[in-house]
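Reading through the structure tokens given below for one structure.
None of the figures in this text is laboratory data; all of them are computed from the coordinates on show. Computed from a predicted structure; not experimentally measured. With ideal geometry, Cβ positions are generated from the backbone for all residues, glycine too; neighbour counts draw on all protein chains shown.
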Amino acid sequence: MRYAMAVDTKKCVGCSDCVVACQTENDVPIGYCRDWIVEVTDGTYPQLELEHRSERCNHCENSPCVRCCPTGASHYSDGGIVMVTKNKCIGCGACIASCPYDARYTHPKGYVDKCTFCIHRVQKGQQPACVAVCPTKCMYFGDLDDPNSDVSKVIKKRKYKTLIPEAGTKPQLYFLI
Amino acid sequence: MGNSRRDFIKISTLGTAGTIVGSKYLLAQGQQSILENPKGPWMMPKDLERTPTYCEVCFWKCAGWTYKNANGQIQKIIGNDDDPNSNGRFCPRGTGGVGMYFDEDRLKHPLIRIKNADGTQSFKKASWDEAFDYIQLKLEKVIEEHGPECIALFTHGSGGTYFGNLLKALGSQNITAPSYAQCRGPREVGFIATFGDGLSSPEPTDIRDTKCMVLIGSHIGENMHNGHVQEMSDAIDKGATIITVDPRFSTAAGKSKYWLPIKPSTDLALLMAWIHVLIYEERYDKKYVEQYTFGFEQLKAHVKHMTPEWAYGITTIKPQVIRETAREMSYASPATIIHPGRHVTWYGDDTQRLRAVAILNALLGSWGRRGGFYIPDKAKVPGVPHPPYPKPARTWRDAMGGKYELADLALANGVCDATVPSATTDCGIKAWIVNGTNLIETLPNRPNTLEAINALDLMVVVDTMPMEITGYADVILPECTYLERYDSLRVTQHREPTISLRMPAMTPKYDSKPAWWMAKNLADRLGKGDYFPFDSIEEELDYQLKKVGSSLEEMQRIGVKKMDRPYDDLYYKDGEEIEFNTNTGKIELYSTSLEEYGFDPMPKYTAHPEPPAGYYRLIYGRAPMHTFSRTANNPNLTDLMDENTVWVNPKVAKEWDLKNGQEVYLQNQDNVVSTFPIKVRVTERIRWDSVYMVHGFGHSKKQLTRAYGRGASDTELITNIMMDPIMGGTGMRGNFITFRFNKA
């Protein structure tokens, strides 16, 4: 099993619904976020291109954050989801420094927090909160090992890119282009 | 009375010491009442893990569920899968609606304006009885001295149903919402003149199945009109062609096959040129036009000279692009939508521009056709029984001197104007009830709004937040948020009719109350109790629901109920006989009703003033995480966006030496300078002759602790109003701004 997510940049409008839905689902304190929106404009008026991306932890297969964690708090869970065990985390911040995607933050309670792909929902057969709420239905989540999952199907059909592939982390967040 | 009101306005702008002290006092009170955790009659049965609601953060009114956590606190709000407006997916504002409940800056107690011994004025905390006593006394005096029709209601929220009932019971029809003449009014009138029917809300655009959609300045995706955003995404998936006309590279433009970066204020010329191409290249739906329309030959003659070459000189859009896009519309027809947009009060000829939009849709045969416009349906829910409403002696219309007779709803600016005493006005409105609309940020031409307020004997403001308008009130009534109250059933049009219920998830915080309860209490006191025949809103809702085969109990469980659609068809059948609700019974390409009232029967392009040297046209719009000015203090939504910026093209930035993030003041053509500075966003996404800002920021009320002084207000810079002579809409895009590096 290999959980992954694809985000369709042709449909995302950058509304931030994924951000606020994650915050209310996961009790992320106001002022912090586990996912965020990136807007990129290219060109000169009126020859322009615009891309919106909903970004989060890439749940890398080769995660520097897991490798560098001195306590084992950062670890791989079901389907390769990268998780942090709160009470093992000493808040040293090594993982934050090692992440090429800046996907982690220190929770005001002292531990490091990040996207979990809403594993608590996934285990109940639900979609992650961001995927379930998105008004443009631009996000696809599922098991890459299952050829019939939403994410497998869309990745097979569409062109995609990953972010900072040169970091060699094998990210599992795919952006449809 | 006039004197004291003028005093107050001076006070409220120069010094707010009294109110600040009041606010600290109230905060302490509020915290105390949280600790007390009062239990009341609104507590929910324990076995309900989730309670149904429909959203109050915007007018789309998506239906969903409020979930609570193990501590009994609101955790999240999630869409209801059976709701056609949201399809189970709330937008960021709806998801962040929890912030309305938790916002610690909320209004907490009734407040009454008092005069202090030293001549200053401040707000005094009052009990509900004291507040009602005060209002009763003043209203009775207005009724006795001027008549009940001298009371007006401004509303943009669910409470409007109940305060509206109160006003009609008293004998006033001066009930208005700024969503008409400041927003969608010209569109309704333009479509009624053409098809005999307006669009209402949600607009029955069949985006789901469209093959080509044209957006004229409409920024779907930045306006989070939920269902339309969802369906546009579906249409993109299915490969629909999107054509966006906008001087700004909007989010929708970024998703479009064609983006036409039009010179602002020239849209009507482009629309007429498209009509020209469709007719002279014979690309219109001939059968549809022949069977259903009136005035084709006149239209053909009228647009003869309106060629793409003619439009090029006006719009800066190349003739070849105009032809190519017109052909795209034609290839996809009738599954083509020339989207009517929503906020269309731009240049004063808006009804005529929307007429051109309607005519294009008619030529493409998209009205009543799959992928164009579907035929919506709405459930019939009986109202509450009451005695007949008295007929008012006069209304705001009597103050208009026969103008704007084609307006099908009341004009908020009309009621405002009818309040300002003048030699020609005998309407003499003396009391306003303002519910859920921040008129200071909503109505353009703020000096006029303040003059009207100045002339009042009484202003009651009902709101959840200390918006700017509350600073001018005599009495402030704190409404509980939509998560703490029942409201009238949501009965909106869609492909299939539904009804939905809003019920409280929590007891009202502080000393806030629902609008139903306030209106009923006031009605009882003013001898109009017969118009509120039920003892509780639960009984009233149950009565209505049982009439349509449901019950309050059922709706509490399901939230949304799908109703039968008596007419099965979403679209006209091929060749079906149809009688349109116009003078000719046809779709009027040539409008006989406009002609009858002395207006152009077919749209004509007229040039609008352009910015003088060193000035830029002020264009404003929406951000997906905010609704007007009402969400600017919401803790969850300010976390996503806490200020607006002024978008400036890099060429302009170079000329003025502006840097990204630099703060500037904006000054308009009438020398109005923004109260607060705004940060510059240097971006290629805006034309060099315009600037853009998101509406709803730059709040001047200190009690809005997160919103105060964040960004700038576009409304205060909109002082030039281009009135629509047909229906009285307030065109707001004829304002030009320049940059100032300091305020003085």
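Beta bridges per DSSP, both residues in the protein assembly as shown: antiparallel share near 55 percent.
For the range B:549-623, the set of GluC sites (Glu not before Pro) satisfying both a DSSP loop assignment and a count of at most 10 other C-beta atoms within 10 Å is given as B:577, B:579. Each residue of the range B:104-114 is assigned a 3J(HN,Hα), and the resulting list reads 6, 8, 4, 5, 10, 9, x, 10, 10, 6, 10 Hz, derived from the Karplus form 6.51 cos²θ - 1.76 cosθ + 1.60 (θ = phi - 60°), x at Gly and Pro. The stretch between residue A:51 and residue A:86 holds 9.1 nm of extra length on full extension. This uses 0.36 nm per residue minus the Cα-Cα distance.
Label zone (residue A:159, point 7 Å along Cα-to-C-beta; backbone nitrogen cut-off 17 Å) within the range A:1-15: A:7-12.
Volume per residue for chain A equals 126 cubic angstrom (convex hull of Cα atoms).
When you restrict to C-alpha pairs under 8 Å that are six or more residues apart and normalise by the size of the range B:616-740, the relative contact order lands at 34 percent. Label separation (residue B:596 vs residue B:584): 1.4 nm, computed from points 7 Å beyond Cα along the C-beta direction.
Going from the residue with the fewest nearby Cβ atoms within 10 Å to the one with the most, B:540, B:405 rank B:405, B:540.
Multiplying the residue separation of residue B:234 and residue B:564 by 0.36 nm and removing their Cα-Cα distance gives an extension gain of 116.2 nm. Helix B:319-332 versus the longest principal axis of chain B: what angle, 0 to 90°, nearest 10, using Cα atoms? Between helix and principal axis, roughly 80 degrees. Amide H to amide H distances under 5 Å link residue B:76 with B:67, where only residues 5 or more positions off or on other chains count and H is placed in the peptide plane.
With neighbours defined as other Cβ atoms within 10 Å of a residue's Cβ, the residues B:670, A:113 order from fewest to most as B:670, A:113. Amide hydrogen proximity for residue B:502: with H placed 1.01 Å from N in the peptide plane, the residues at 5 or more positions away or on another chain lying under 5 Å are B:54, B:487, B:490.
With neighbour counts taken as other beta-carbon atoms within 10 Å, the residues B:498, B:437, A:41 rank, fewest first, as A:41, B:498, B:437.
Shielding value for A:36-43 is 2, the average number of Cβ atoms from other chains within 10 Å of each residue's Cβ. Translational diffusion coefficient of the range B:120-226 (Stokes-Einstein, Kirkwood radius from Cα pairs, 20 °C, 1.002 mPa s): 119 µm²/s. For the residue pairs B:659/B:679; B:509/B:561; A:11/A:157; B:257/B:318, the C-alpha atoms sit more than 18 angstrom apart in B:509/B:561. Charge dipole of the range B:122-240 (Cα centre as origin; +1 on each Lys and Arg Cβ, -1 on each Asp and Glu Cβ, all else neutral): 180 debye, rounded to the nearest 20. Here the simple spin-label model places points 7 Å from the Cα toward Cβ, and for residue B:386 and residue B:290 these points are separated by 5.2 nm.
Near residue B:175, the amide H atoms lying under 5 Å from its own belong to B:153; only residues 5 or more places off or on other chains count, and H is placed 1.01 Å from N. Here is how the number arises for the protein assembly as shown: DSSP H runs of 4 or more residues each give -39500 (n - 2.57), the sum is divided by the residue count, and the result at 222 nm is -8000 deg cm²/dmol. Length available on full extension from residue B:393 to residue B:114: 0.36 nm per residue minus the Cα-Cα distance, which gives 97.1 nm. In order along the range B:276-291, the Karplus-derived 3J(HN,Hα) couplings, from 6.51 cos²θ - 1.76 cosθ + 1.60 at θ = phi - 60°, round to 4, 4, 4, 6, 7, 9, 6, 9, 8, 7, 4, 5, 5, 5, 5, 6 Hz, and Gly and Pro are given as x. Per residue, the convex hull spanned by the Cα atoms of chain B amounts to 158 cubic angstrom.
Over chain A, Cα pairs under 8 Å with separation of 6+ residues give a relative contact order of 31 percent.
If I take every Cα pair under 8 Å that is 6 or more residues apart in chain B, average their sequence separation and divide by the length, what percent do I get for the relative contact order?
Normalised by residue count, the contact order of chain B is 20 percent.
Here the protein assembly as shown was treated as a single set of alpha-carbon atoms; its pair distances binned every 10 Å from 0 give 2, 11, 21, 25, 22, 13, 5, 1, 0 percent. In sequence order, the range B:493-502 has phi-based couplings of 6, 5, 4, 10, x, 9, 10, 9, 10, 10 Hz under the Karplus curve 6.51 cos²θ - 1.76 cosθ + 1.60, θ = phi - 60°, and Gly or Pro positions carry x. Note that the range B:616-740, at 10 °C in a medium of 1.306 mPa s, gets a Stokes-Einstein diffusion coefficient of 107 µm²/s from its Kirkwood radius over C-alpha pairs.
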